[in-house]
1. How much FRET efficiency would the formula 1/(1 + (r/R0)^6) give for residue 120 and residue 66, where r is the Cβ-Cβ distance and R0 is 56 Å, rounded to 0.05?
2. Can you work out the FRET efficiency for the pair residue 209 and residue 275, with r the C-beta to C-beta distance and R0 = 41 Å, to the nearest 0.05?
3. Would you mind ranking 347, 302, 22, 200 so that the residue whose beta carbon has the fewest other beta carbons within 10 Å leads the list?
4. Full-extension gain between residue 28 and residue 137, please, as 0.36 nm times their residue separation minus the C-alpha to C-alpha distance.
5. Can you sort 93, 131, 65 by how many other beta carbons sit within 10 Å, fewest first?
6. Please compute the contact order of the chain in relative form: average sequence separation of alpha-carbon pairs under 8 Å and at least six residues apart, divided by the residue count, as a percent.
7. Please work out the C-alpha center-to-center distance from the stretch 117-177 to the stretch 30-47 and express it in whole Å.
8. How large is the helix-only mean residue ellipticity at 222 nm for the chain, computed as the sum of -39500 (n - 2.57) over DSSP H runs with n ≥ 4, divided by its residue count, in deg cm²/dmol to the nearest 500?
Ligand SMILES: [Zn+2]
């Protein structure tokens, strides 16, 4: 036995093909084997190169019957803790109602804020659990969830506690992001600077003290918070030692991306109106671009993000569901992969990189998640597909045969 080989294997996958998502490519290994020891990947390679003693000493042998193994999906941008329902609003939209008309009838984000404020922690947990379970069944093994429907201290903390409870309850890894500066609450309608003071002087210190979020996000947009307000929040978060990210350039070019880059943001998200100079700043500071085709689709937007510029500047591109009740009620990563290809002109390889390793980069987790490499977390999905491109092409189909998270099997339809 060489020192490079594990001395013990818990699970060995054979008769599989791997799309390892390393080196900014699918990096396929056909006719492969993959071994897991404890929580981590301990051996990968061609099956013919698998040492005999590893095969004979493994605890559990899984025959993948020519299936494909990819890293579990990383969904790096969601707002899936919310109260109430907006489906009536969807029907009003389809009947021709404008946003203003819907708002006047109590719809829009403020209906979600009101319902989320009114809901108990247990009610929010029950509602969000169904959504997390749906994403897990789609092969998502790492998930980010933002607060931002409380817009007051007590409810923002309640949301973050629910996110923490989801992380403890479900096998998938969940990162919590504080998004207190998501929208201006009605009680601060004429005092947006006053609300930013509340976020920076009261909410952020409480979030830091309770250690219930790893990152801080802001909706920098003409309908939300301006550049100087956004800067205040990012500066305070940075001073408190929290990572930052930004909803930037979704509906207009506010120069948010360039500013967030100066704070070494993990990611800038949406980016439909990103300028060349903003993109250059992102590239300079190694900021990941998170594209959200579900919101673009659901809002019937027409201005696409400058994907060619992102590619030319070699900015990592992540894709995510943006699961939320107002602009992206999409519970499917495979559907998002198809949208990323069809709406934003990503190749299947780029879309799949976006849902795996680049999603991990957007969360600062690329050393442990998002690709199949020795020493990384054994977060793996076995797919019954002919080629990885099927995950983008067969819109919304989810032919999963097994899900493993941290070395533990969570779902298995393969014969053992
Ligand atoms: Zn969002």
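Just so it is clear, none of the values below were taken in a lab; they were calculated from the coordinates. Note that the structure is a prediction, hence the values are computed from the model and not measured. Here Cβ is always computed from backbone atoms with ideal geometry, including for glycine, and neighbour counts include all displayed protein chains.
1. Working: r = 48 Å, r/R0 = 0.86.
The pair residue 120/residue 66 has a calculated efficiency of 0.70.
2. Details: r = 37 Å, r/R0 = 0.91.
After rounding, the FRET efficiency stands at 0.65.
3. Numbers: 347 13, 302 7, 22 18, 200 21.
Arranged by neighbour count, lowest to highest, 347, 302, 22, 200 become 302, 347, 22, 200.
4. Working: separation 109, 0.36 × 109 = 39.24 nm, distance 2.41 nm.
Full extension of this stretch gives 36.8 nm more.
5. Details: 93 17, 131 20, 65 13.
Lowest to highest Cβ neighbour count: 65, 93, 131.
6. Working: 961 pairs, mean separation 77.1, N = 416.
Relative CO of the chain lands at 19 percent.
7. 32
8. Numbers: 17 runs with 148 residues, N = 416.
That calculation yields -10000 deg cm²/dmol at 222 nm.
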